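The values are calculated or read from the model by the stated rules, or taken from the named source; none is laboratory data. Treat the numbers as computed from the prediction; the structure is a model and nothing was measured. A quick note on method: Cβ atoms are made from the backbone with ideal geometry, for glycine too, and the neighbour counts reach across all protein chains shown. Each accessible area value is taken on the protein alone, full model and side chains, heavy atoms only, with ligands, DNA and RNA left out. Shrake-Rupley method; radii C 1.70, N 1.55, O 1.52, S 1.80 Å.
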Amino acid sequence: MKRNIFFILVLICGTVSAQNIEDVLRYSIENTHGTTRFQGLSGAFGALGGDLSALNINPAGSAVFNNSQFTMTGTNYNRNNDATYFGTTNNTRLNSFKINQVGGVMVFKNNNENSDWRKYSLAFNYDLVNNFSNQFFSSGNGNEGIDNYFLAYSQGQPLGPLFVQDGELIEEAYLDIGSSLGFGPQQAFLGFQAGIIDPVDFDDDNNTEYLSNAEYSTVNQEFLQSTRGYNSKFTMNFGSQYKDFLYMGASLNFHSIYYEKYTQLSERGFDTASEIQFINFDNLLISRGQAFSFNLGVIAKLNKYLRLGGSYQSPTWYDLRDDLSQRINSDSPVKNTDITFIDFNIVNIFPRYKVKTPGKFNGSMALVFGPNGLLSFDYSYQDMSNAELRPTSDASFATVNSEIGRELRAVSTFRVGGEYRIKHLSLRGGYRYEQSPYANKITISDLNGFSAGIGYNFGSSRIDFTYSRSERDANVQLADVGIATPASVNGIMNNYSFGYTINF
């Protein structure tokens with residue numbers, strides 16, 4: 001009977017927002033996915049065009065196609081993470097496979113000899129902007145436990161609302177505190193009901209000071225973070241060629257987002273005298289929503305060898321909803337034994353919110369050596385400090401936006417790629433460098449990546465294979481507050497992509 005009651009409460013319950021800078025960066029940073037050929041040149045396609053995923057860099061690229069085309073790409077994503085925490089390193093590997101690109105372009109040639117417009121193009125393309133499948137595990141003897149997380153949220157919080165009222169179930173109290181008082185008091189409630197913290201004065205409902213029931217100088221901590229989901233983009237593009245030297249294009253982009261993050265923090269090894277000997281704290285966050293953006297671009301063919309490209313990618317406007325579920329347990333002798341009824345079936349439904357990622361400018365140059373090959377260079381500029389949570393009138397969002405302005409910075413990305421053709425065979429390679437979005441360059445490091453690929457052209461169709469590798473370090477907090485020392489994660493992504501293209 002309890003579960004039915006709480007399912008109804010979940011449907012009508014909302015909470016004060018708890019979004020942060022991580023939510024903004026999750027949707028602001030895009031990875032180099034796309035067609036196999038696009039990946040083979042590390043995305044250096046802004047002045048080249050003639051590739052469906054190149055529309056993400058410069059929408060004028062659709063006008064470069066000489067004929068209609070359909071392309072499909074599948075990628076095996078291999079993640080290798082080394083997480084170091086207080087001197088202990090753990091390795092985690094994860095594999096996933098996605099159909100990361102499907103699209104086609106239709107080319108309409110203008111047979112009017114008196115017109116300067118040579119052709120028009122209409123393209124539709126699906127691309128995986130981000131594959132969120134990832135996982136790492138860290139362990140070590142830390143000097144700050146999860147009790148500090150609950151203390152940070154409880155200090156200043158009156159004791160009275162943290163009690164379960166007569167005739168009230170613990171699940172009802174948990175959801176009611178979240179919806180009426182907000183996320184912080186709700187976390188204080190969890191710590192108090194789990195027996196991890198206690199008030200200084202138990203008999204005073206106005207008490208606002210709390211103490212930990214855990215005793216330790218160091219505590220053994222095991223932390224697992226597992227994510228999955230996607231940020232996909234469906235693009236509708238129109239392009240046109242003017243005379244023999246100018247290509248123009250525009251795209252409308254529609255995003256679909258699903259993100260799921262599960263974290264598990266387990267602690268053992270407290271002092272012998274501690275009344276608590278173990279704590280388990282799990283969180284499950286699910287985000288879903290849609291977004292819109294647009295692109296404008298041009299490519300100028302200055303002579304038979306040299307091409308220049310320029311494009312603008314608008315901000316992406318996300319409309320999102322978050323659901324958060326939690327569960328906690330300990331062996332505290334003063335815990336509420338009903339604490340286990342707060343589990344992943346009890347869901348906090350946050351109000352809908354919006355994220356605006358910053359716009360991006362791209363400049364490109366390419367040297368095309370006829371049928372023999374090409375060299376291409378791209379530069380992108382995106383000011384991450386302009387990202388924001390909306391509505392900006394929300395006090396908590398205003399705090400996060402202020403943090404974004406202080407901690408994030410403008411990011412430059414450099415991509416270089418080349419292709420060499422031997423009759424029907426194409427050999428490709430590329431390099432990508434992306435600056436850290438953080439001013440301290442530590443929370444997330446710079447990214448370095450390279451790629452190598454091969455393709456074979458049968459005339460009416462083509463097959464391609466690409467291997468790409470990227471590496472980036474990140475410091476990941478075990479909790480939002482209370483545990484200052486992060487796990488240092490060295491993340492390496494190895495992608496193996498296979499694509500098929502048919503011309504018609």
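A full extension of the chain between Ser68 and Ala398 corresponds to an added length of 114.0 nm, given 0.36 nm per residue minus the alpha carbon distance. For region 430-497 versus region 72-116, the spacing of their alpha-carbon centroids is 12 Å.
Evaluate the relative contact order of the chain (contact order divided by residue number), counting alpha-carbon pairs under 8 angstrom at least 6 apart; express in whole percent.
Here the relative contact order equals 19 percent.
Applied to region 379-389, the Karplus parametrisation 6.51 cos²θ - 1.76 cosθ + 1.60 on θ = phi - 60° returns per-residue 3J(HN,Hα) values of 10, 10, 10, 9, 8, 5, 5, 8, 5, 7, 8 Hz, with x for Gly and Pro. Among the protein heavy atoms of the chain, carbon and sulfur supply 56% of the accessible surface, probe 1.4 Å, non-protein parts ignored. One compactness figure for region 145-234 is 1.34, namely its Cα radius of gyration divided by 2.2 N^0.38 Å. For Lys301, the lysines whose Cα falls under 17 Å of its own Cα, not counting residues fewer than eight places away in the same chain, are Lys119, Lys243.
Note on region 263-308: semi-axes of the ellipsoid equivalent to its C-alpha gyration tensor, largest first and rounded to whole Å, are 61, 18, 6. Computed about the Cα centre, the dipole magnitude for region 362-441 is approximately 480 debye when only Lys and Arg (+1) and Asp and Glu (-1) carry charge, each at its Cβ. Binning the C-alpha pair distances of region 421-504 at 10 Å intervals from 0 yields a P(r) profile of 15, 31, 22, 16, 11, 4, 0 %, listed from the shortest bin outward. Applying the Karplus relation 6.51 cos²θ - 1.76 cosθ + 1.60 with θ = phi - 60° to region 445-453 yields 3J(HN,Hα) values of 8, 5, 10, 10, x, 9, 8, 8, x Hz, where x marks Gly and Pro. Between Asp116 and Phe458, the modelled label-to-label distance comes to 4.2 nm, taking each label 7 Å out from Cα in the direction of the beta carbon.
Per residue, how many Å² of accessible area does the chain show with a 1.4 Å probe?
Working: 20890 Å² over 504 residues.
Using a 1.4 Å probe on heavy atoms only, each residue of the chain averages 41 Å².
Between the amide H of Ile197 and those of Phe192, Asn213, distances stay under 5 Å, these residues lying 5 or more places away or on another chain, with hydrogens modeled in the peptide plane. For Lys335, the aspartates and glutamates whose Cα falls under 12 Å of its own Cα, not counting residues fewer than eight places away in the same chain, are Asp198, Glu275. Relative contact order of region 235-373: what whole-number percent is it, with Cα pairs under 8 angstrom and at least 6 residues apart? Normalised by residue count, the contact order of region 235-373 is 23 percent.
Determine the gain in length on full extension of the stretch Gln290-Asp323; use 0.36 nm per residue of separation and subtract their C-alpha separation, reporting nm with one decimal.
Computed gain between Gln290 and Asp323 is 10.3 nm.
When the convex hull of its Cα atoms is viewed from all sides, region 253-405 shows a mean projected area of 15.5 nm².
Compute the FRET efficiency between Asp166 and Asn494 as 1/(1 + (r/R0)^6), taking r as their Cβ-Cβ distance and R0 = 51 Å, and round to the nearest 0.05.
Numbers: r = 58 Å, r/R0 = 1.14.
With a Förster radius of 51 Å, E is 0.30.
When only alpha carbons are used to place a centre, region 351-428 and region 283-323 end up 8 Å from one another. Stretching the chain fully between Ser217 and Thr337 yields a gain of 40.5 nm (0.36 nm per residue, less the alpha carbon separation).
Its Kirkwood hydrodynamic radius, worked out from the mean inverse distance over all distinct Cα pairs, puts region 356-488 at 18.0 Å.
Give the cross-link partners of Lys423 among the aspartates and glutamates, using a straight C-alpha distance below 17 Å as the criterion and excluding same-chain residues fewer than 8 apart. Partners within reach: Asp464. In sequence order, region 108-117 has phi-based couplings of 10, 7, 8, 8, 6, 5, 8, 9, 7, 8 Hz under the Karplus curve 6.51 cos²θ - 1.76 cosθ + 1.60, θ = phi - 60°, and Gly or Pro positions carry x.
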